[in-house]
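Engineer: Input: one structure, supplied below.
The values are calculated or read from the model by the stated rules, or taken from the named source; none is laboratory data. Source: prediction; values computed, not measured. Reconstructed Cβ throughout: ideal geometry from the backbone, glycine too, with neighbour counts over all protein chains shown. When the accessible area is computed, the model is the full protein with side chains, heavy atoms only, and any ligands, DNA or RNA have been set aside. Shrake-Rupley method; radii C 1.70, N 1.55, O 1.52, S 1.80 Å.
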Amino acid sequence: MTIRVGVIGTGAIGRDHARRINQVLSGAQVTALTDVNAAAAEAVKAEIAPDAQVFETGAELIQSDAVDAVLVTSSGFTHEDYVLAAIAAGKPCFCEKPLATTADAAKRIVDAEAATGKRLVQVGFMRRYDTGYRMLKRVVDTEIGRPLMVHAAHRNQSVALSYSTQMAIHDTLIHELDIFRWLLEDDYVSAQVVFPRATPHAHEGLRDPQMVLLETAGGVRIDVEIFVNCRYGYDIQCQIVGEEGLANLPDPMAIAMRKDARLQTALLTDWKDRFIDSYDVELADFIKAAANGTAAGPTSWDGYVAAVSADACVAAQEAPGSIVPISLPARPALYG
Ligand code: NAI
Ligand code: ISE
């Protein structure tokens, strides 16, 4: 069976996911494309999916009989309407992070999906599929005793002028907000944001770097640095300190080269390369579940909890140093 996939939003990651569906993975084909910038959809059709139909709107694409499953890879603030429409149409939907840019919007998605009584949504928290994070989780679960502290960093080489201080939370930290919950099997109870001395390399209006301090219900303390103009590369670090030992996320495999009296290892510069294998595995999981009319992997509830936690971090940004509490409603049985 070949799952016919419609892609909404054919920018950087929409295009890359279309490529992996048509050229890397089996079991699915891109049959429909749309983007508010029609030229972007036409370009993906020409280069990656020549047989796909280009739709004027996402709503039409979701309704089309040529679409069994939907990929929402448009800008974050547009996700809610598309995911709700896919749920209403009963079609499995892969939604890139963030599930929505506010907790209220994410909750509407949770409620709509829970009302159908079955999983239809997978959120693009691809780190859960990353080999390094999976190795780290095994060690955390079995080797180092109860986790006590996490030290982490999310560094991008540079960002576009449209990137804002809040996006450091909703767009960037959101990956950490999900992966720490998954690693620790714990939820957050508070957030605090502090701003170190600013880098001169950030554009006007962007506060960079930032440090986010989180506390979990189980008492784990987490510090995570978000630095999106670090200049030297794309660098994701995570260290978990436990009662019996300490575990580090491995760096991506790289050749250690000896040359010109130096020992050198190249660093990656782009998230597309850092998580290339994880994106393949997450979409393979989506296609497999979609063939059974359902969804797997990170849930709408995970997307909602990340959004609640992100909103608290944004409130903490607005009152630097203050501690903002985080609380969650009861989890619907569907996500038990
Ligand atoms: P982008 O700006 O390159 O592409 C977004 C595309 O969506 C653009 O082509 C834009 O024209 C289109 N678009 C905007 N509004 C639309 C609407 N209402 N309907 C249809 N299309 C619309 O952005 P990028 O980097 O591809 O990000 C897209 C989403 O993927 C974001 O939510 C982002 O956070 C997420 N993302 C996830 C990554 C991951 O590591 N999991 C990596 C990069 C992005
Ligand atoms: C981007 O949207 C991603 O999701 C990348 O993984 C992240 O590193 C980057 O900061 C975001 O802007």
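Engineer: How much accessible area per residue does region 253-326 have, counting only protein heavy atoms and a probe of 1.4 Å, in square angstrom? It would help to have the intermediate numbers written out before the result.
Structural biologist: Numbers: 3740 Å² over 74 residues.
I get 51 Å² per residue for this part.
Engineer: Taking Cα pairs under 8 Å and at least six residues apart, what relative contact order does region 1-149 come out at, in percent? Please list the in-between numbers first.
Structural biologist: Numbers: 237 pairs, mean separation 28.6, N = 149.
Across region 1-149, relative contact order equals 19 percent.
Engineer: Among residues other than Tyr129 whose Cβ falls under 9 Å from its Cβ, what is the net charge (Lys/Arg +1, Asp/Glu -1)? Display every interim value, and only then the final one.
Structural biologist: Numbers: positive: Arg127, Arg128, Arg134; negative: Asp130, Asp277, Asp280, Glu282, Asp285.
So the surrounding residues net to -2.
Engineer: Just from its helices, what would the mean residue ellipticity at 222 nm be for the chain, if runs of 4 or more DSSP H residues each count -39500 (n - 2.57) and the sum is divided by every residue, rounded to the nearest 500 deg cm²/dmol? Mind showing how you got there, number by number?
Structural biologist: Values: 10 runs with 109 residues, N = 336.
Dividing the helical sum by the residues of the chain leaves -10000 deg cm²/dmol.
Engineer: Taking every Cα atom in the chain, find the radius of gyration and the maximum pairwise distance Dmax, and write them in Å.
Structural biologist: According to the Cα coordinates of the chain, Rg and Dmax are 20.1, 64 Å.
Engineer: Give the accessible surface of region 160-229 per residue, rounded to a whole number of Å², with probe radius 1.4 Å and ligands, DNA and RNA excluded.
Structural biologist: Per residue, region 160-229 has an accessible area of 41 Å².
Engineer: Let me check against my output: what whole-number percent is the relative contact order of the chain, with C-alpha pairs under 8 Å and at least 6 apart? If you can, show how the numbers build up before the last one.
Structural biologist: On the way: 688 pairs, mean separation 70.2, N = 336.
Computed value for the chain: 21 percent relative contact order.
Engineer: In the chain, what % of DSSP beta bridges are antiparallel (nearest 5)?
Structural biologist: On the way: 29 of 54 bridges.
Antiparallel bridges: around 55 percent, rounded to the nearest 5.
Engineer: Per residue, how many Å² of accessible area does region 1-102 show with a 1.4 Å probe? Spell out each step's value before the answer.
Structural biologist: Working: 4100 Å² over 102 residues.
On a per-residue basis, 40 Å².
Engineer: With θ taken as phi - 60° and the coefficients 6.51, -1.76 and 1.60, list the Karplus ³J(HN,Hα) couplings across region 146-155 in order, rounded to whole Hz; mark glycine and proline as x.
Structural biologist: 5, x, 10, 9, 10, 10, 9, 8, 10, 10
Engineer: Another question, then. Can you give me the % of accessible surface on region 180-232 that is carbon or sulfur? Probe 1.4 Å, all protein chains present, nothing else counted. Each step should come with its number before you reach the end.
Structural biologist: Details: 1170 of 2480 Å².
C and S fraction of accessible area: 47 percent.
Engineer: Take the solvent-accessible surface of the protein heavy atoms, probe 1.4 Å, and return the percent of it on region 1-152 that carbon and sulfur atoms account for. Mind dumping the intermediate values first?
Structural biologist: Details: 3250 of 6280 Å².
Answer for region 1-152 is 52 percent, counting heavy atoms of protein chains only.
Engineer: Continuing with this model, one more query. Using only the alpha-carbon atoms, how far is helix 79-88 inclined from the longest principal axis of the chain? Give it as 0 to 90 degrees, nearest 10.
Structural biologist: The answer is roughly 50 degrees.
Engineer: Still on this model: Can you give the extra length, in nm with one decimal, that the chain gains between Arg262 and Gln237 once fully stretched, where that is 0.36 nm per residue apart less the Cα-Cα distance?
Structural biologist: On the way: separation 25, 0.36 × 25 = 9.00 nm, distance 2.40 nm.
Extra length from Arg262 to Gln237 when fully extended: 6.6 nm.
Engineer: May I ask for the angle, rounded to the nearest 10°, between helix 174-184 and the longest principal axis of the chain, with both axes built from Cα atoms and the value confined to 0 to 90°?
Structural biologist: Roughly 70 degrees between the two axes.
Engineer: Expressed as an acute angle from 0 to 90° and rounded to the nearest 10, what is the orientation of the C-alpha long axis of helix 103-116 relative to the principal long axis of the chain?
Structural biologist: Roughly 50 degrees, rounded to the nearest 10.
Engineer: Tell me the carbon and sulfur percent of the accessible area for region 235-294, rounded to whole percent, probe radius 1.4 Å. Before the final figure, lay out each step's value.
Structural biologist: Details: 1900 of 3690 Å².
Reported share for carbon and sulfur atoms: 51 percent.
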